[in-house]
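Here's the structure, in structure tokens; my notes come after.
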Amino acid sequence: MTESKRILVVDDHVYIGEMLEELLSDEGYELTLVKNGEEALEVYNSFAFPLVISDINLGGMTGLDLLDKITRMNPDTQMVIISGDSSPETRQKALNGGAADFLPKPFEDLLLVIDTVNQVMGRG
């Protein structure tokens, strides 16, 4: 799998990662699933990921903290923030922090998830 199709998914709810993996692998993406920000940074330092999809509430490091750290490490890496808190304030915090997009959970429109990822990855 080429580096350009790799996606790092960070969510403490395993079923979210597994659902994204099933959905996006059908689109030709290779996903790596981790449960927290610390593990995400460890994996991110070992492999090239053009896209990181992260929940905000991870326990310990937040998804917004992770967004800041990854943006400092490699500004070319795109991030999509996902959260069960879909308030306008949370969305704005993510976008102001440099996220390419924000998707509320639970995912009500799976085509929107695919379209968002394809667009961020330059395939949409």
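The values are calculated or read from the model by the stated rules, or taken from the named source; none is laboratory data. It should be emphasised that the depicted structure is a prediction, and the values quoted were computed from it without experimental measurement. A quick note on method: Cβ atoms are made from the backbone with ideal geometry, for glycine too, and the neighbour counts reach across all protein chains shown.
Going by the conditions given, is GLU27 surrounded by fewer than 22 Cβ atoms within 10 Å (Cβ to Cβ), part of a helix (DSSP H, G or I) and either of a type outside the set (Val, Ile, Thr) or touching a strand residue (DSSP E or B) at 6+ places or on another chain (Cβ under 9 Å) (or both)? Don't jump to the end; show me each part of the working.
Numbers: surrounded by fewer than 22 Cβ atoms within 10 Å (Cβ to Cβ): yes; part of a helix (DSSP H, G or I): no; either of a type outside the set (Val, Ile, Thr) or touching a strand residue (DSSP E or B) at 6+ places or on another chain (Cβ under 9 Å) (or both): yes.
No.
Filtering segment 38-74 down to residues that are touching a residue at least 40 places away in the same chain (Cβ under 8 Å) and of a type outside the set (A, V, I, L, M), which residue is surrounded by the most Cβ atoms within 10 Å (Cβ to Cβ)? Explain how you work it out, then say what you get.
Step one: of segment 38-74, the residues touching a residue at least 40 places away in the same chain (Cβ under 8 Å) are 47-55, 57-59, 63, 66.
The next check asks that each one be of a type outside the set (A, V, I, L, M); those that pass are 47, 49-50, 54-55, 57, 59, 63.
Working: PHE47: 10, PHE49: 24, PRO50: 18, SER54: 28, ASP55: 25, ASN57: 13, GLY59: 10, GLY63: 26.
Per the stated criteria, the residue is SER54.
Could we say that THR77 is crowded, with 16+ Cβ neighbours inside 10 Å and either in contact with a Gly (Cβ under 7 Å, 6 or more places away or on another chain) or more than 22 Å from LEU33 (Cβ to Cβ) (or both) here?
Working: crowded, with 16+ Cβ neighbours inside 10 Å: yes; either in contact with a Gly (Cβ under 7 Å, 6 or more places away or on another chain) or more than 22 Å from LEU33 (Cβ to Cβ) (or both): no.
Here the answer is no, as THR77 does not meet what is asked.
Of the residues ILE70, ILE114, which single one is in contact with a Ser or Thr (Cβ under 6 Å, 6 or more places away or on another chain), within 16 Å of ARG6 (Cα to Cα), in a helix (DSSP H, G or I) and modelled with pLDDT of 95 or more? Reasoning before the result, please.
Details: ILE114 fails: in contact with a Ser or Thr (Cβ under 6 Å, 6 or more places away or on another chain).
Unique residue meeting the criteria: ILE70.
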